[in-house]
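Written below as structure tokens is the structure these notes are about.
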Amino acid sequence: MALPSLLGPDRWQVTCHLILDFEVQFTETRIERGFVVALKPFEYIVGDLKIKLLPANDVIAVRFREPALYSVREQAAMNAPVEPFETRFEVPGEKFTVFRVSDAHPAAAAADQLQTNPDVARTAPVFELKSKRVIATDRVLVKLKDTSPEHMSTLRQTGTGITGVSDKEFVLQLSEDQDPLEISIQLAKLDWIDYAEPDFVTIGKYPHTGMDAPGLQALSAADPDYAFKITECDKAWMIQRGDPAIRIAMLDDGVDLQHIDLAGAIVAAYDAVLDAPLSAPNQWDGHGTACAGLAAGTHTAPLGVRGMGCGCSLLAVRIASSPYANGPWVTSSSYIRRGIDWAVDHDAAVISNSWGGGAPSNAVADSFDRARSVGRSGRGCVLVVAAGNEGGPVEFPANVPGVLAVSGTNEFDEFKNPFSRDQETWWGSNYGPEVDVAAPAVHIRTTDITGSGGMSPGDYAQAFNGTSAATPLVAGLAGLVLSADSSLTEIGVREVICSTADKVGQYPYTNGRNDELGFGRINALRAVQVALGTPAQNETNLPPVEQTNQETGTGNELAGTVRAVGGGTPRAGAFYLDQDGKASYLLKTFTGDDQTALASLEQQSLATLSGFEGKLVRVRYAEMENTPYGSIIWGVQIELADSGDDQAIPPNEIRMGYVESGHSKATGSGDFGIPDNEVRLPFVDVFN
């Protein structure tokens, strides 16, 4: 028998197809040497999935030869079928100029004409991903399987230089006239290359969904703290506050380091765009500051903001920026990877990602994998990612396996869509099988750039929204859970948050979840109670907690058959009590104390309980505790149900083990009134 995983199977391949193979309403062609040639999409591999990027037909990117003077670029635009030079977009940090083509000419025709200009090194397609545009820069991100001198020499000769990211990961710089798409294709064919992909720059709408519609200020003012009440975070704070040792990294457009409700929480800051310490975000880039307040605002000001993980520390990481007020958000795969890696190196416990929707990237997915595997000394960073605000399938990177994908709800506990009662009719949360949990995503008061900058005139945004708002709330909850129990693995944190969520919303749940809200809207109180080992009240889908005399161990009796779970070897097996298929109580025996080796205790457990496997037994116990993984019973005696012989096992030699996906600890003395010579020992790695 194996219990179903709360987080579900690997859905990576299915999801990416949903995201990327959307319908396109045009077919673009160009004339080349007398033949009509269709512009081809660019295809590459991310993990096991083939990604297809389709070129837009209304814009074209141009790489001018250095020094690319203003007058040269202006004259080139005047001689090509593009809109006036004043309407161009200069990609920040990159040497690309993006032109909108004239209505009478497709992008391919404009590209052909511009390419004849001797001052143009090359033209490049601009790919279209929903509302975002993507361009391949002059860099290729490469990961080698084998870094032999011969292979390294080949890589160096391919471009103009390489920069190492890790032992096997490199950034290959190309010359201005080399095509990164073609270089990536050719490198990916080599059997010693793990992946090769362009370092895509993504140009998108500013991440928040707009906060100036009529009525929104009034809705927010009606209860500015509803998000913390509806999730019972206000009650969770009564039993657990954030621990400064738990660091939440905000990967965004920077954080106002001087804000009164954030400065005390920020312990380090980094600009991944410039690869330098972060001094301050642009005055108009307030998105990251708003997210930081919801995750770990300190409520220092009298009317300030307290984040869900208040008390935890913040790492401010800039991975994107806007070139001007109300301008597009610009980032790249290499910026994002650099930001993730920096956060891991600076002891992030949680990484909050209120961004997404660009070109899927092996480099980013690999950095996420590293964060989950090596972060927090091997316990893993919890990766919280926004599902997106397009009202469609979940976007990259929320579809990467192992992240906590977050959709949005409103103050009425409805899934956020254009028809929900919050009056924000212009957007809807993304949805799909990847969604793990939901959190409030409308009308939330939070921090803003101090003064007149950011998203509002003052120091606070009154109605922040989007899955960008939901995500830092979940990140703050992850920080709160780890503050309660820092030994949890990242998988354990995700399972605690998913298993304690409230089944709200207008859509039915099948096997405990749906595609809109995942396992439900987060409940901070219950998550913290589980992390603390305190029985959570009002749990759904679990039998009620029964408590009797904790000293005698004889107050309750269960009847059922002992069954095996897992492989029956140390660290890979347990036993449960089958009560006509209705409940599973995980049983464990031991002799020893909190210094006894874990493997030895598990071997004793399996050896003892294996004698009861398949037999009807009576189990007497002193106390039952509900957890997301089943019910734990304490002070246990077992005897054969069909025998009058004395088969009872003394209470101090049988204990309960419960599965926590890699979480292991042994604590002695008195948990739940247990005598000092007994040990509470979770069973390890049973369902991994």
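Readers should treat all values here as calculations from the given coordinates under stated rules, not as data from a laboratory. Predicted model only: the values in this text are computed from it and were never measured. Methodologically, a virtual Cβ is constructed for each residue, glycine included, from the backbone with ideal geometry; neighbour enumeration extends over all protein chains shown.
General observations
- Each of Gln115, His151, Phe96 was placed along the dipole of region 80-151 (beta-carbon charges, centred on the mean Cα), and the one lying farthest toward the positive end is His151.
- Surrounding net charge for Val385, when Lys and Arg each add one and Asp and Glu each subtract one, Cβ distance under 11 Å: -3
- For Ala268, net neighbour charge (Lys/Arg +1, Asp/Glu -1) across residues whose Cβ lies under 11 Å away: -1
- Overall form of region 251-298 per C-alpha gyration tensor (a/c, 1.5; a/b vs b/c): prolate
- Antiparallel %, DSSP beta bridges [both residues in region 374-489], to 5: 30
- Scattering from region 216-354 was approximated by placing one identical point on each alpha carbon and applying the Debye formula without solvent; log10 I(q)/I(0) at 0.12, 0.21 1/Å stands at -0.48, -1.23.
- Stretch gain in nm, segment Ser377-Leu640, where the contour uses 0.36 nm per residue and the Cα spacing is subtracted: 90.2 nm
- Net lengthening on full extension, Asp194/Glu182 (0.36 nm per residue, minus Cα-Cα): 2.7 nm
- In terms of its alpha-carbon gyration tensor, region 270-428 comes out rounded; the largest-to-smallest axis ratio a/c stays below the 1.5 threshold.
- Computed E for Tyr509/Lys145 - FRET, C-beta separation, R0 41 angstrom, nearest 0.05: 0.40
- Residue list for region 52-94, given a label point 7 angstrom along the Cα-to-Cβ vector of Ala276 and an amide N cut-off under 20 Å: 91-94
- Given Lys132/Lys189; Lys95/Lys143; Lys130/Lys229; Lys95/Lys130, the pairs whose alpha carbons are separated by over 27 Å: Lys132/Lys189; Lys130/Lys229
- Overall form of region 117-182 per C-alpha gyration tensor (a/c, 1.5; a/b vs b/c): oblate
- Relative contact order (percent, whole number), region 325-398, Cα cutoff 8 Å, 6+ residue spacing: 34
- At R0 = 22 Å, FRET efficiency that the Cβ-Cβ distance of Asn79 and Ala104 yields, to 0.05: 0.90
- The label-point distance for Phe412 and Ser153, in a model that sets each label 7 Å from Cα toward Cβ, rounds to 7.0 nm.
- Farthest towards the positive end of the charge dipole of region 232-390, among the residues Pro302, Gly388, Pro244, is the Cα of Pro244, using unit charges on the Cβ of Lys, Arg, Asp and Glu.
- Charged neighbours of Arg318, selected by a Cβ distance under 9 Å, balance to -4 (K, R count +1; D, E count -1).
- Label-to-label distance for Lys95 and Ile239 is 6.1 nm, based on points extended 7 Å past Cα in the beta-carbon direction.
- With distances taken between every two different alpha-carbon atoms, region 452-523 has a Kirkwood hydrodynamic radius of 14.2 Å.
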